[in-house]
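The values are calculated or read from the model by the stated rules, or taken from the named source; none is laboratory data. Nothing here was measured: the structure is a model prediction, and the numbers come from that model. Glycine also receives a Cβ, built like all others from the backbone with ideal geometry; neighbour counts cover every protein chain displayed.
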Amino acid sequence: MTPISPARLCACRLLFRWEKEDAYVDILFREAMEESDLSPRNKALAAFLLYGTVENLMYIDYLLAQTSTVRLKKIHPRVLCVLRVSVFQILFGKKLPLHAILNDAVSMVGKINPKAKGFCNAVLRKLSVYRDCEPVIEAETEEERLSIRYSHPLPLVKLYLETMDLEECEAMLAWNNGTPPTEIRWNSLLGSKEVLNESLASAGVTPEWDTDLPMCATLPGQVNVEELEAFQKGLFTVQSRSSVLDVLAADPKPGDFVVDTCGAPGGKSFMAAMLMKNKGMIVTRDIYSGRVDAIREGIKRLGVKIMVPEVHDASVEDKVLLKKADLVICDVPCSGLGVISKKPDIKYKSMDGIEGLPALQKSILRAASGMVKPGGRLVYSTCTTNKHENEEVVEAFLAENPEFCREDAKLPAKYATKNGERLLLPTKDGMDGFYFCRMKRKQA
């Protein structure tokens, strides 16, 4: 008897844990791989199966409900996980042999409940017709069809549609379900770009450099960056182009005193230190000590000399630094609707949590503004496309604080701000969804 694929077994077990523990899939998978003896090939397959199933869960469950003679809630949870991972492979794993998908599924179900083997085989064989054709989704509205097809809860689809038409919304949902590129930023503090290119080439990696953002590159395929010598030596760090644009908009200068209020894991501060040529001071904060420890590790790896990591609640006013900072970077906690492609389970979180975020964001922005000196800059940013967390937060802040005004940033023409702000969209800009607004405190 052919052994069950360890990658399939791993994906099914982690999917069960993800649902039972209400865990974050990226953290769950990373921790599991640290303790796993799977080969690199099987780790890659397990990641494809787990993330793909989570990304398409509502779509998969819709098809299972249409096919199964047993209600999904009545199916043993572990059996349901096997069915879900198997349906994902039928729909999206075109290079995986169908007989292997079915055989492994039946074998895994047999170990859970031998009586369910026939049921499993029958359901999956019925759904195998969709190996070569797109299922027809029966929905009353186009919003409901998009919700099912792209596995985004209906309230979330409607939230996107507040600022997008149906075509734009569908493109956004498809992007969210895609595989994000690995984006890096060259660290000029520890070496030239030529040295970085040579180190990557020796590892068989050829970066694709961005012509508009020359410090940024995309790495091909799924590269484990932490295993690259260039990463270990601090020649580059992982940072999205959206985040890079945010820091460029802030324009940190050598000698500046900078506060990064919600700074973990440190990417924006690391880049600021580079632009400041390690001259000045950056106070980088986070509310959790474990995340501050991660900042310290990055400081050491990247050769940063001017950062001071601190544990601090960003929503609490800092009277010691009142009107002391040349620049305050305020990248607030948000719904993350611009980075679902990297964190697919974000979309399944309660809308109640999203609706409560603007109040927290306003309090953090208010506290951050107190540290900006006259003539200083304040940059507010999120990794969401939700206007209630973006434009509306800034508008409310400016209405309450007339001593601040918007200020356009000096950026490449294609990313120019309008009235100090810019909303980056994956479907238009080819990068993470992101919002930033540059403001300044008027001179007294």
Any chance you could count how many residues in segment 366-395 are of a type outside the set (Gly, Ala, Ser), out of contact with any Gly (no Cβ under 9 Å at 6 or more places or on another chain) and not in a loop (DSSP other than H, G, I, E, B)? 12
Tally up the residues in segment 45-59 that are without any contact (Cβ under 8 Å) to a residue 60 or more places away in the chain and within 18 Å of Leu173 (Cα to Cα), please. 2
Enumeration of residues in segment 46-71 that are more than 28 Å from Gln222 (Cα to Cα), among the hydrophobic types (A, V, I, L, M, F, W, C) and not in a loop (DSSP other than H, G, I, E, B): Leu63, Leu64, Ala65
Considering segment 127-162, residues that are charged (D, E, K, R) and loosely packed, with under 13 Cβ neighbours inside 10 Å, and then whichever is nearest to Ala174 (Cα to Cα), we arrive at Glu134
If a residue has to be part of a strand (DSSP E or B) and aliphatic (A, V, I, L, M) to count, how many in segment 246-297 make the cut? 5
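Could you name every one of the helices (runs of 4 or more DSSP H) located completely within segment 98-171 that has at least 1 residues being over 22 Å from the mean Cα position of the chain (by Cα)?
Of the helices (runs of 4 or more DSSP H) lying wholly inside segment 98-171, those with at least 1 residues that are over 22 Å from the mean Cα position of the chain (by Cα) span 98-112, 117-127, 142-149.
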Taking Val238 as meeting all but one of (1) under 18 Å from the mean Cα position of the chain (by Cα); (2) closer than 23 Å to Phe88 by Cβ, write down the number of the exception. (2)
Does segment 194-208 hold any residues that are surrounded by fewer than 17 Cβ atoms within 10 Å (Cβ to Cβ) and assigned to a helix (DSSP H, G or I), and which are they? Glu194, Val195, Glu198, Ala201, Ser202
Inspect all residues belonging to segment 215-229 and state whether any of them is closer than 19 Å to Asn197 by Cβ, surrounded by 19 or more Cβ atoms within 10 Å (Cβ to Cβ) and of a type in the set (Gly, Ala, Ser). yes
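For segment 425-432, check the following and say yes or no: at least one residue is part of a loop (DSSP other than H, G, I, E, B) and out of contact with any Ser or Thr (no Cβ under 7 Å at 6 or more places or on another chain).
Yes: segment 425-432 contains one or more residues that are part of a loop (DSSP other than H, G, I, E, B) and out of contact with any Ser or Thr (no Cβ under 7 Å at 6 or more places or on another chain).
Is it the case that some residue within segment 16-37 is in a loop (DSSP other than H, G, I, E, B) and more than 32 Å from the chain's Cα centre (by Cα)?
Filtering segment 16-37 for residues in a loop (DSSP other than H, G, I, E, B) gives 22-24, 35-37.
When the remaining residues are screened for being more than 32 Å from the chain's Cα centre (by Cα), the result is none.
So far as segment 16-37 goes, no, none of its residues is in a loop (DSSP other than H, G, I, E, B) and more than 32 Å from the chain's Cα centre (by Cα).
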Would you confirm whether any residue within segment 181-189 is touching a strand residue (DSSP E or B) at 6+ places or on another chain (Cβ under 6 Å), part of a loop (DSSP other than H, G, I, E, B) and of a type outside the set (A, V, I, L, M, F, W, C)? yes
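Suppose we filter Lys349, Lys324, Lys268 for residues that are modelled with pLDDT of 95 or more, out of contact with any Lys or Arg (no Cβ under 8 Å at 6 or more places or on another chain) and of a type in the set (D, E, K, R); which single one remains?
The unique qualifying residue is Lys268.
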